[in-house]
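The next block holds one structure in the form of structure tokens; read it before the comments.
The values are calculated or read from the model by the stated rules, or taken from the named source; none is laboratory data. Just so it is clear, the structure is predicted and the values come from calculations on it, not from any experiment. As a convention, Cβ positions derive from the backbone with ideal geometry for all residues, glycine included, and neighbour counts pool all protein chains shown.
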Amino acid sequence: MPYFVSGNTSIYYETRGEGPVLIFVSPPGMGCAAFEQQHSLAEEFQVVTFDPRGNGRSERGDISESIIEQWPEDIYALVSHLEAEQVILCGYSYGGLPSQLFAYRYPEKTAALVMISSFPRVRTWMLAGKFQLGIWSTYENLIGTIGKALAFSHTSDQEQQNRIDWNIENSSPDILERMYLNGRHHDNRNIFPEITCPVLTIFGSNDVFVKRNQHDFQELLPDMRNVHIYGKAHQLPTRAADEMNAIIRSFGMEIGLLRNRNISSSDLAESR
């Protein structure tokens, strides 16, 4: 199995295809299993996924007090391992937080930022409740129950459900706890004015957890592109994979990273 090393920690990753590098960053526990429907993007991109430290197949290693602040350094180690000049970071949900920090710290390495059902801060009581449930599950040793619930909510494919569930159950409880505790009070809005790369946000029109956060992005990143996938909720990588993948392909065309490909402008959903 392929691993890269960040500090003294071995972190599991997968890579497919050739072309501009897309790195997908998952919410706590889910890792590579969250992005199986994005494997088809390997026709145009080099698609890279990984299990964050202490999650799934990755080693726990040394954990800082603020794991969100540590996570971008792990991503930088991955970028260096891939010998990539620049990457497009695709942060899904909580995975958007370290992705935003990476774009701020390493603008020379960030070709673009794609935020999928993501946020710079916990803004709604629904999202706060989800974080609190994650914290509570680590206290009560209910990670297995949470893993099955998250797997079921993301896909009807039993094999993928099993892989998501396995990844969560094999994550370190104290790391998941710290991820949720850090994320509950983290706020990236102050760094947004310093993010200079192209930014795309993708939301489901029925997302009750983070849809309101589009206003944070629009207010502080006025040149960003905001796209809604109508009739869809939070789990876009699995439940709206075809639409989301088409949007990413079209965005790659718009910013000049993909060329000589016949992608219709209708692939990019109407922005709001």
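Observations
- Residue under evaluation Asp165, criteria (1) within 19 Å of the chain's Cα centre (by Cα); (2) among the acidic types (Asp, Glu); (3) surrounded by fewer than 20 Cβ atoms within 10 Å (Cβ to Cβ), criterion not met: (3)
- Unique match (being of a type outside the set (Val, Ile, Thr) and surrounded by 15 or more Cβ atoms within 10 Å (Cβ to Cβ)) among Ser172, Ser156: Ser172
- When each of Gly129, Gly95 is tested for being assigned to a helix (DSSP H, G or I) and over 19 Å from Met244 (Cα atoms), the lone residue that passes is Gly129.
- Whichever residue in the range 81-109 is surrounded by fewer than 22 Cβ atoms within 10 Å (Cβ to Cβ) and touching a strand residue (DSSP E or B) at 6+ places or on another chain (Cβ under 8 Å) and, among such residues, is nearest to Arg249 (Cα to Cα): Gln86
- Phe209 being under 16 Å from the mean Cα position of the chain (by Cα), modelled with pLDDT of 95 or more and of a type in the set (Phe, Trp, Tyr): yes
- Looking only at residues of the range 1-27 that are part of a loop (DSSP other than H, G, I, E, B) and in contact (Cβ under 8 Å) with a residue 60 or more places away in the chain, we find that the one that is nearest to Gly91 (Cα to Cα) is Ser26.
- Hey, Ala33 under 24 Å from Gln160 (Cβ atoms), aliphatic (A, V, I, L, M) and either in contact (Cβ under 8 Å) with a residue 60 or more places away in the chain or part of a helix (DSSP H, G or I) (or both) or not: yes
- Counted residues, the range 11-53 - those being among the small types (Gly, Ala, Ser) and surrounded by fewer than 24 Cβ atoms within 10 Å (Cβ to Cβ): 4
- Against the list (1) closer than 28 Å to Ile247 by Cβ; (2) surrounded by fewer than 21 Cβ atoms within 10 Å (Cβ to Cβ), the condition Trp136 fails is (1).
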